[in-house]
Amino acid sequence: MPARSYDTLQGTLERITYVNEENHYVVARLQVSGRRDLATIVGNLPTVTPGETLKLTGEWIQHNRYGEQFKVEAFETISPATLTGIEKYLGSGLIKGIGPIFAKRLVEVFGIDTLRIIEEEPSRLLTVDGIGEVRLQRIRTAWEEQKEIREVMIFLQGHGVSSAYAAKIFKTYGKSSIAIVQENPYRLAKDIYGIGFKTADRIAQAIGIEKHSPLRVEAGVIYVLNELAGEGHVYYPIGDLTKASAGILEVDEDLVTQAVERLRHEEQVICLPVRDRTQMDEPEPQGVAAYLASLYAAEEGVARRLQALAEGGELPADIDIERAILWAEQTNRLHLAEQQKEAIREALIRKLLVITGGPGTGKTTILRCILQILDKKHRRMLLCSPTGRAAKRMSEATGREAKTIHRLLEFSPKDGRFKR
């Protein structure tokens, strides 16, 4: 696929018409040499201020409502070079302690050297009427903060990070952004929503991290396990994981094996022997599997909770179960398989039962028979599913109302807990 080509645009920022403080998305107007009308620019532009000269990289788009706009992918700030630009820049509220009035006074005293004086000889500001030690300290502090933000943005964009991601990175790490990205850019995938392994890997390559770096291989293994989890795999056999990771990362399998061992030692990955569930009488493990630590904790927690519920004893056997099963078969004009009958028996006496199986194995038939038997005995029943879609399918299959778990247990978003 050919590389995407972008346009460049340079001009003076006239005014900002909208800014989202959360993600620094900005809509602004730019005075561009040679254009009669102001250009509308949109994009993630943290720290930009009216009066600045901006060099923008992006593309022209046509908005249905607002017309032609320049969508910014990256930007560079060029210090204002005119007295009007400097005055507008300082008077914008960017620097605490300097408003429009003091901006005008500073430009009148120092002229085109105003920004250099603030940067290199700030004590000279005391010669300006109305600026004392307290205001001077506020100005110096605000100037340093803005400088840090600019340095971070310039560094990140210089290494191929879009302005949108750069804004997220600075919001997360602040003035430590450069040090963290240089030390381990793969932290971004873990710490910042929206930045995945592939984006972090591009940044890592841009700052010179080797393809075979242990940091990269470890992050790659975590990425592969997350991708597999998205496909429904809580764990994955070590051998298959090693091959998959080596292929995606384009490194030797030995490096992946070493990375998995380090991740295991750091308890980011849990490795356990597994047995073939279809051969439960086989005493020997069938191999070793790797879990993401979070998924292992989740699976183990669910298993412990289910076990505790299942050990609550049996329900009173006031139903002639065999007769009830025969009645269900006759009512539905079907012949139940022995495993289906066993599931119905267990469901009628256990406080908790898990019935599992692939499509077409008879789960819905079992559920319908259990409900019919309990209904015949005038038992109160409630049906629920994890999602609204699943609840709808359950209702269609049983002819009874089914709710989501959250609705059944009356989850309160305000309190963050279930009322039942």
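Before moving on, here are some points about what is shown:
- Contacts under 6 angstrom Cβ, first residue in the stretch 317-329 being under 15 Å from Ala343 (Cα atoms), partner part of a loop (DSSP other than H, G, I, E, B) and at pLDDT 90 or above, 6 or more apart: Glu329/Leu336
- Some residue of the stretch 389-398 being surrounded by 11 or more Cβ atoms within 10 Å (Cβ to Cβ), under 21 Å from Arg305 (Cα atoms) and within 43 Å of the chain's Cα centre (by Cα): no
- Residue pairs whose Cβ atoms lie under 9 Å apart, sitting 6 or more positions apart in sequence or on different chains, and linking a residue in the stretch 131-145 that is closer than 16 Å to Ser92 by Cα and outside the structural domain of Arg105 (by TED's automatic domain parsing) to a partner that is of a type in the set (A, V, I, L, M, F, W, C) and surrounded by fewer than 16 Cβ atoms within 10 Å (Cβ to Cβ), do not occur here.
- For the stretch 373-380, the criterion of being farther than 30 Å from Ile319 by Cα and free of Cβ contacts under 8 Å to residues at least 40 places away in the same chain is satisfied by no residue at all.
- Of all residues in the stretch 25-59 being among the hydroxyl-bearing types (Ser, Thr, Tyr) and buried (at least 16 other Cβ atoms within 10 Å of the Cβ), the one that is farthest from Gly93 (Cα to Cα): Thr57
- Qualifying residue in the stretch 339-347 (condition: touching a Ser or Thr at 6+ places or on another chain (Cβ under 8 Å), surrounded by 12 or more Cβ atoms within 10 Å (Cβ to Cβ) and not aromatic (Phe, Trp, Tyr)): yes
- Tally, over the stretch 220-257, of residues that are part of a helix (DSSP H, G or I) and under 23 Å from Pro273 (Cα atoms): 25
- Criterion applied to Ile203, Ile154 was being in contact (Cβ under 8 Å) with a residue 40 or more places away in the chain and under 13 Å from Ala74 (Cβ atoms), and the one residue passing it is Ile154.
- Among the residues of the stretch 141-165, those that are polar (S, T, N, Q) and out of contact with any Gly (no Cβ under 8 Å at 6 or more places or on another chain) comprise Thr141, Gln146, Gln157, Ser162.
- Of the residues examined, Ile180 is not one that is assigned to a loop (DSSP other than H, G, I, E, B) and not hydroxyl-bearing (Ser, Thr, Tyr).
- For the stretch 390-420, the candidate set comprises residues that are part of a loop (DSSP other than H, G, I, E, B) and of a type in the set (Asp, Glu); within that set, the residue that is farthest from Ile321 (Cα to Cα) is Asp415.
- For first residues located in the stretch 229-240 and under 10 Å from Leu295 (Cβ atoms) and crowded, with 16+ Cβ neighbours inside 10 Å, partners that are aromatic (Phe, Trp, Tyr) and modelled with pLDDT of 95 or more and lie 6+ apart or on another chain with Cβ distances below 7 Å form the pairs Tyr235/Tyr291.
- Each residue in the stretch 321-367 was checked for being part of a loop (DSSP other than H, G, I, E, B) and either at pLDDT below 90 or closer than 24 Å to Leu306 by Cα (or both), and 12 of them qualify.
- All positions within the stretch 372-389 that are touching a strand residue (DSSP E or B) at 6+ places or on another chain (Cβ under 8 Å) and outside any loop (DSSP other than H, G, I, E, B): Leu383, Cys384, Ser385, Gly388
Residues are listed down the side, and each one gets a yes or a no for (1) among the hydrophobic types (A, V, I, L, M, F, W, C); (2) outside any helix (DSSP H, G or I); (3) within 21 Å of Asp37 (Cα to Cα); (4) assigned by TED's automatic domain parsing to the domain that holds Asp37:
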{"position": "Gln69", "(1), (2), (3), (4)": "no, yes, yes, yes"}
{"position": "Pro80", "(1), (2), (3), (4)": "no, yes, yes, yes"}
{"position": "Ile86", "(1), (2), (3), (4)": "yes, no, no, yes"}
{"position": "Ser92", "(1), (2), (3), (4)": "no, yes, no, yes"}
{"position": "Lys96", "(1), (2), (3), (4)": "no, yes, no, yes"}
{"position": "Lys104", "(1), (2), (3), (4)": "no, no, no, yes"}
{"position": "Glu108", "(1), (2), (3), (4)": "no, no, no, yes"}
{"position": "Leu115", "(1), (2), (3), (4)": "yes, no, no, yes"}
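- For the condition crowded, with 22+ Cβ neighbours inside 10 Å, part of a helix (DSSP H, G or I) and touching a residue at least 24 places away in the same chain (Cβ under 8 Å), Val161 does not qualify.
The values are calculated or read from the model by the stated rules, or taken from the named source; none is laboratory data. Just so it is clear, the model here is predicted, and its values are computed rather than measured. No Cβ is skipped: glycine too gets one built from the backbone with ideal geometry, and neighbour counts run over all protein chains shown.
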